[in-house]
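The values are calculated or read from the model by the stated rules, or taken from the named source; none is laboratory data. Fair warning: this is a prediction, and the values are worked out from it, not measured in the lab. FYI the Cβ positions are ideal-geometry reconstructions off the backbone, even for glycines, and counts take in every protein chain you see.
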């Protein structure tokens, strides 16, 4: 059974534990120049091989994923893809795609996994990033993530119109669930089950399967 929690008061997570041990660490490496969404999306690949998001016009380096982080993403993608292959009219899922969360604020995020309903994919150039927020955004917490930054990203997703947000915490083997219209989230524990709700009708996934 899921438990309620508030966005302002996180429970103990891998990110929170890491924050206690990395007080001196900066949240991310940000370059100085301001970019618009169009400028950011037109940038070529960087020679350093790193990936970036655009946050209020600033180019912010994304930390490299750990083995555990990558395995969770593969598990989520597998079960979601399997369901969508059997229900192709619902929409499409993808990983690490640039989504314009807020064009006016020049914010582009790259969720670990995301889903967009079919109706919103019409006339979209699939060779480019998506020009709006996804319907489902899934983020996997890394040990070096800082809770303040995670909160800020969740809030951006909510304000940007993401209908369902899953924040996966490998350290506690649980998932935080958020919606755009409520101030409280829910905590799904290892023995609980995730539901696609109105975003992906019929999709159900045991939290335990994320950590196989």
**Q.** Filtered residues of region 156-171 (kept if touching a strand residue (DSSP E or B) at 6+ places or on another chain (Cβ under 9 Å) and either farther than 28 Å from residue 106 by Cβ or surrounded by fewer than 18 Cβ atoms within 10 Å (Cβ to Cβ) (or both))
**A.** 159, 161, 169, 170
Q) Are there any pairs, at least 6 apart or on different chains, whose C-beta atoms fall under 8 Å, with the first in region 137-152 and at pLDDT 95 or above and the second surrounded by fewer than 17 Cβ atoms within 10 Å (Cβ to Cβ) and outside any helix (DSSP H, G or I), and if so, which? A) 140/65
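Residues are listed down the side, and each one gets a yes or a no for (1) exposed (fewer than 13 other Cβ atoms within 10 Å of the Cβ); (2) out of contact with any strand residue (DSSP E or B) (no Cβ under 7 Å at 6 or more places or on another chain); (3) at pLDDT below 95:
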residue: 127; (1), (2), (3): yes, yes, yes
residue: 178; (1), (2), (3): no, no, no
residue: 185; (1), (2), (3): no, no, yes
residue: 210; (1), (2), (3): no, no, no
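Counting only residues that are over 17 Å from the mean Cα position of the chain (by Cα) and over 19 Å from residue 195 (Cα atoms), which one in region 79-108 is surrounded by the fewest Cβ atoms within 10 Å (Cβ to Cβ)? Spell out the reasoning first.
Within region 79-108, the subset over 17 Å from the mean Cα position of the chain (by Cα) is 82-91, 103-106.
Keeping just the survivors that are over 19 Å from residue 195 (Cα atoms) gives 103-106.
On the way: 103: 14, 104: 6, 105: 15, 106: 20.
Here the residue is 104.
For region 82-95, how many residues are in a loop (DSSP other than H, G, I, E, B), free of Cβ contacts under 8 Å to residues at least 40 places away in the same chain and farther than 18 Å from residue 110 by Cα?
Restricting attention to region 82-95, the residues satisfying the condition of being in a loop (DSSP other than H, G, I, E, B) are 87-90, 95.
From the residues that got through so far, the ones that are free of Cβ contacts under 8 Å to residues at least 40 places away in the same chain too are 88-89, 95.
Checking which are farther than 18 Å from residue 110 by Cα leaves us with 88-89.
Matching residues across region 82-95 total 2.
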Q. Here is a list of conditions, (1) loosely packed, with under 15 Cβ neighbours inside 10 Å; (2) out of contact with any strand residue (DSSP E or B) (no Cβ under 8 Å at 6 or more places or on another chain); (3) farther than 26 Å from residue 195 by Cα; (4) at pLDDT 90 or above, and residue 56 meets all of them except one; can you say which number that is?
A. (2)
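Yes or no, residue by residue, for (1) modelled with pLDDT under 85; (2) under 15 Å from residue 99 (Cα atoms); (3) within 16 Å of the chain's Cα centre (by Cα):
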{"position": "11", "(1), (2), (3)": "yes, no, no"}
{"position": "15", "(1), (2), (3)": "yes, no, yes"}
{"position": "27", "(1), (2), (3)": "yes, no, no"}
{"position": "42", "(1), (2), (3)": "no, yes, no"}
{"position": "46", "(1), (2), (3)": "yes, no, no"}
{"position": "50", "(1), (2), (3)": "yes, no, no"}
{"position": "65", "(1), (2), (3)": "yes, no, yes"}
Q: Using the structure shown, decide if residue 168 is in a strand (DSSP E or B) and in contact with a helix residue (DSSP H, G or I) (Cβ under 8 Å, 6 or more places away or on another chain).
A: yes
(Q) Checking residue 19 against (1) modelled with pLDDT of 95 or more; (2) in contact with a helix residue (DSSP H, G or I) (Cβ under 8 Å, 6 or more places away or on another chain); (3) in a helix (DSSP H, G or I), only one condition comes out false. Which one? (A) (1)
Q) Do any residues in region 58-81 that are on the phi < 0 side of the Ramachandran plot and touching a residue at least 60 places away in the same chain (Cβ under 8 Å) have Cβ atoms under 7 Å from those of residues that are surrounded by 17 or more Cβ atoms within 10 Å (Cβ to Cβ) and part of a helix (DSSP H, G or I), where the two are at least six apart or on different chains, and which pairs are they? A) 72/210; 75/210; 76/210
Q.
Among the residues that make up region 188-195, is at least one of them under 27 Å from residue 103 (Cβ atoms) and either surrounded by 14 or more Cβ atoms within 10 Å (Cβ to Cβ) or at pLDDT below 95 (or both)?
A. no
Q. Just one of 131, 111 is farther than 24 Å from residue 211 by Cβ and either surrounded by 18 or more Cβ atoms within 10 Å (Cβ to Cβ) or in contact with a strand residue (DSSP E or B) (Cβ under 6 Å, 6 or more places away or on another chain) (or both); which is it?
A. 131
Q: Answer with yes or no whether residue 71 is in a helix (DSSP H, G or I), surrounded by 15 or more Cβ atoms within 10 Å (Cβ to Cβ) and at pLDDT 90 or above.
A: yes
